[in-house]
Amino acid sequence: MWLSCAFLILNMPTTKDKTDLRVAIIHDWLTGMRGGEAVLEALLDLYPLAELFTLIHKKGSCSSKIENRPIHTSFVQKLPFSSRLYRHYLPFFPTAIEEFDFHGFDLVISSS
C-alpha cells in the first residue's frame, strides 16, 4: 500500500508547483509528541503551507513546527474533558472526520 501511495504522489500531475498546491493534512489527534507527530513534522517540511485537520488539539502539546500552523479541530474538541479523555469519544470519530470540508484542496494526506 505504501508503495502505491508513494507512486501516486510522485506521479501527480505537475500543472502546479508543490508550493502552489492547497494541501490538507489530517492527523488523528494532537495531544503530545510521539512517533506519529514526528512523521507529521516531516510532512509539514514537504508541504510548508499545509493546513492541519485533527479531532483534538491540546494547545502547547506539540512542537512549534506543528503549533504554528492553521489547525482545524472537530466538534469533539468542544466535548467535556476532550483533551484528557478523547479516547472515550471514539464512537464520534468517524462522524467528526466526515464533517470536515476538503473541497478546494488539491491534495489531502492522512497521517496517524
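Read the figures in this text as sums done on the coordinates, not as results from a lab. Remember, it's a predicted structure, so these values are computed and weren't measured experimentally. For neighbour counting, all protein chains shown are included, and Cβ atoms are generated from backbone atoms with ideal geometry for every residue, glycine included.
Consider only pairs whose beta carbons are under 8 Å apart and that are at least six residues apart or on different chains; among these, list those whose first residue lies in the range 30-44 and is of a type in the set (Val, Ile, Thr) and whose second residue is surrounded by 11 or more Cβ atoms within 10 Å (Cβ to Cβ).
As it stands, the answer is Thr31/Ile56; Thr31/His57; Thr31/Lys58; Thr31/Ser61; Thr31/Ser83; Thr31/Tyr86; Val39/Ser111, since those pairs meet every condition given.
In the range 70-92, how many are in contact with a helix residue (DSSP H, G or I) (Cβ under 7 Å, 6 or more places away or on another chain), without any contact (Cβ under 8 Å) to a residue 40 or more places away in the chain and not aliphatic (A, V, I, L, M)?
Residues in the range 70-92 being in contact with a helix residue (DSSP H, G or I) (Cβ under 7 Å, 6 or more places away or on another chain), without any contact (Cβ under 8 Å) to a residue 40 or more places away in the chain and not aliphatic (A, V, I, L, M): 5 in total.
What number of residues within the range 38-47 satisfy the criterion of being surrounded by fewer than 19 Cβ atoms within 10 Å (Cβ to Cβ) and in contact with a helix residue (DSSP H, G or I) (Cβ under 9 Å, 6 or more places away or on another chain)?
Residues in the range 38-47 being surrounded by fewer than 19 Cβ atoms within 10 Å (Cβ to Cβ) and in contact with a helix residue (DSSP H, G or I) (Cβ under 9 Å, 6 or more places away or on another chain): 4 in total.
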